[in-house]
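Read through the structure below, which is laid out as structure tokens, and then see the notes.
The values are calculated or read from the model by the stated rules, or taken from the named source; none is laboratory data. Owing to the predicted nature of the structure, the values given are computational and were not obtained by experimental measurement. Cβ placement follows ideal geometry from the backbone for every residue including glycine, while neighbour counts extend to all protein chains displayed. All accessible areas refer to the heavy atoms of the entire protein, side chains included, with ligands and DNA or RNA removed. Shrake-Rupley method; radii C 1.70, N 1.55, O 1.52, S 1.80 Å.
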Amino acid sequence: MSETISDGDERIFSESRPDSGGLWALVTFSVPESQRSIRHQIRATLTSLGFGNVGQGLWIAPAANLHEAQVVLERKGLGGYVEYFSGQYMGDEQLAEKVGQWWDLDELNSHFDEFLSFYATIAEQWRARSEAEPSDAAQITQEAFRIYVPMLTMWRRLPYLVPPLPVDVELTEWNGDRVRAIFHEVHRMLSDPAGEYVDNVFAGGRRN
């Protein structure tokens, strides 16, 4: 359980993408027709880890994500059905074009809309507030808590939808990088005052 929590924290709070050195991980699996549910579990697990689908039974992600896939699939008892490979992309087409085929970027973008529509504005407001005259500290911490907790709840599932693509793959019409940047900006601004509000509430309760 502690390993699962650690894996989740890394996905949720890490600001950097791991360097795959230009290598890609390929995952393929073979499951008997009589065990369709296992096939579904493998597909769902790889999707949840940000893998894209190259074709029938073949999934792809930057190579730095291979270890996580191996650990998670083994933990779920699915590793015996899966083979893993790592290598370079050798095609003639632009890699960004292929990425647009392997991942449904429009579908993924749709999951970010609600987060972006609200928290992009929040980021602007708190940037302006940091440059303004100081206001009531108790009010700031309470408001930070009110905003931060729902944001964290909404964000927890989104990092698993953002393909962990290499930095040098430039994509148009893609909001994955923007949504991650806004989360981390608001997290930096609000996590400390939100935590301070919680500490104050508990301290008040102990005094009572």
Problem set entry | Phi to ³J(HN,Hα) by Karplus 6.51 cos²θ - 1.76 cosθ + 1.60 over region 63-69, Hz, x for Gly, Pro | 4, 5, 9, 5, 4, 4, 4
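Under the rule of -39500 (n - 2.57) per DSSP H run of 4 or more residues, summed and divided by the residues of the chain, what mean residue ellipticity at 222 nm is obtained, to the nearest 500 deg cm²/dmol?
For the chain, the value works out to -19500 deg cm²/dmol.
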Problem set entry | Mean-position separation - Cα centroids, region 113-178 and region 48-80, in angstrom | 28
Exercise. What accessible area, in Å² to the nearest ten, does a 1.4 Å probe give for HIS184?
Worked result: 10
Exercise. Got a sec to turn the phi values of region 182-188 into Karplus ³J(HN,Hα) couplings, 6.51 cos²θ - 1.76 cosθ + 1.60 with θ = phi - 60°, whole Hz, x for Gly and Pro?
Worked result: 5, 4, 5, 5, 5, 4, 5
Exercise. In whole percent, what relative contact order does the chain give with Cα contacts below 8 Å and a gap of six or more residues?
Worked result: 29
Exercise. For LEU58 and GLU124, what does the FRET efficiency come to when R0 = 45 Å and r is the distance between their Cβ atoms, rounded to the nearest 0.05?
Worked result: 0.60
For this session: Would you mind checking the radius of gyration and Dmax of region 61-169 based on alpha-carbon positions, in Å?
Result: 20.2, 61
For this session: Could you work out the per residue convex hull volume over the alpha carbons of region 27-97, in cubic angstrom?
Result: 93
Exercise. Where does region 112-174 land on Rg(C-alpha)/(2.2 N^0.38 Å)?
Worked result: 1.45
Exercise. Does region 56-119 classify as rounded, prolate or oblate by the C-alpha gyration tensor (a ≥ b ≥ c root eigenvalues; a/c under 1.5 gives rounded; else a/b over b/c gives prolate, otherwise oblate)?
Worked result: oblate
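Using 0.36 nm per residue, how much length does the chain from GLU33 to TYR160 gain when fully extended, once their Cα-Cα distance is taken away?
So the extension gain works out to 42.9 nm.
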For this session: Once you've got the GNM for the chain with C-alpha springs shorter than 10 Å, pick whichever of GLU170, GLU33, GLU83 has the biggest mean-square fluctuation.
Result: GLU33
Problem set entry | Of ALA194, ALA138, ALA69, the one that fluctuates the most in a GNM where the chain has Cα springs shorter than 10 Å | ALA138
For this session: Calculate what fraction, in whole %, of the accessible area of the chain sits on carbon and sulfur atoms when a 1.4 Å probe is rolled over the protein chains.
Result: 50
Exercise. In the full protein assembly as shown, how much of MET90 is accessible to a 1.4 Å probe, in Å² to the nearest 10?
Worked result: 150
Exercise. Could you state the principal axis extents of the C-alpha atoms in the chain, from the largest down, to the nearest angstrom?
Worked result: 62, 40, 28
